[in-house]
Structure formats: structure tokens, C-alpha cells
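Structure record follows, encoded as C-alpha cells.
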Amino acid sequence: MNMDTDELKTRLKKLNARATQAKMDLHDLSEELPTNWESILQVAQRCHEAHAMLMDARKAAAAPGM
């Protein structure tokens, strides 16, 4: 699937915002511990997935031909 440059930039911007929000959610949770400790795995998984998607998109953007 080839995206044009504007679509790729938009996707990267959205993924970056999602990853940043997930990072902040994880940070906020860590500051509140032990309150809401039950949600650690869920919040961490969401953060991991957001950053994995962002890294994949960055690799795709850096690939030759983009």
C-alpha cells in the first residue's frame, strides 16, 4: 500500500499524538500508584501498541521509495 506524502505525514502525526497520549497515561498511572494498580497491564499494553504502530510507520516512511 503506497500512501502519498501528505497522507503519510497525517498518519504519522496521528500516531505520534496517540503514542504521546499513551505515554502520558502510563506516566500519570505510575504517579498515582498504588491507586488503580489493577489497570497497569491494560495501560501499558495500550502504550506498547501505540508506540509499535508509530515505529512501524516511521520505518515505512524512511523506506526507499517514500
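Every number here is computed from the coordinates shown, using simple stated rules; none is lab data. This structure is a prediction, so every number in the text was calculated from the model and none was measured. Neighbour counts run over all protein chains shown; Cβ positions are idealised from the backbone, glycine included.
Return yes when Leu29 is touching a Ser or Thr at 6+ places or on another chain (Cβ under 7 Å) and surrounded by 12 or more Cβ atoms within 10 Å (Cβ to Cβ) and no when it is not.
So Leu29 passes the test.
Any idea which of (1) surrounded by 13 or more Cβ atoms within 10 Å (Cβ to Cβ); (2) free of Cβ contacts under 8 Å to residues at least 24 places away in the same chain is the one Ala61 doesn't satisfy?
Failed condition: (2).
Out of all the residues in the range 34-42, is one or more part of a loop (DSSP other than H, G, I, E, B) and at positive phi?
Checked the range 34-42: at least one residue is part of a loop (DSSP other than H, G, I, E, B) and at positive phi.
Please tell me if Ala17 is in contact with a helix residue (DSSP H, G or I) (Cβ under 7 Å, 6 or more places away or on another chain) and either surrounded by 14 or more Cβ atoms within 10 Å (Cβ to Cβ) or without any contact (Cβ under 8 Å) to a residue 40 or more places away in the chain (or both).
Values: in contact with a helix residue (DSSP H, G or I) (Cβ under 7 Å, 6 or more places away or on another chain): no; either surrounded by 14 or more Cβ atoms within 10 Å (Cβ to Cβ) or without any contact (Cβ under 8 Å) to a residue 40 or more places away in the chain (or both): yes.
So Ala17 does not fit the description; no.
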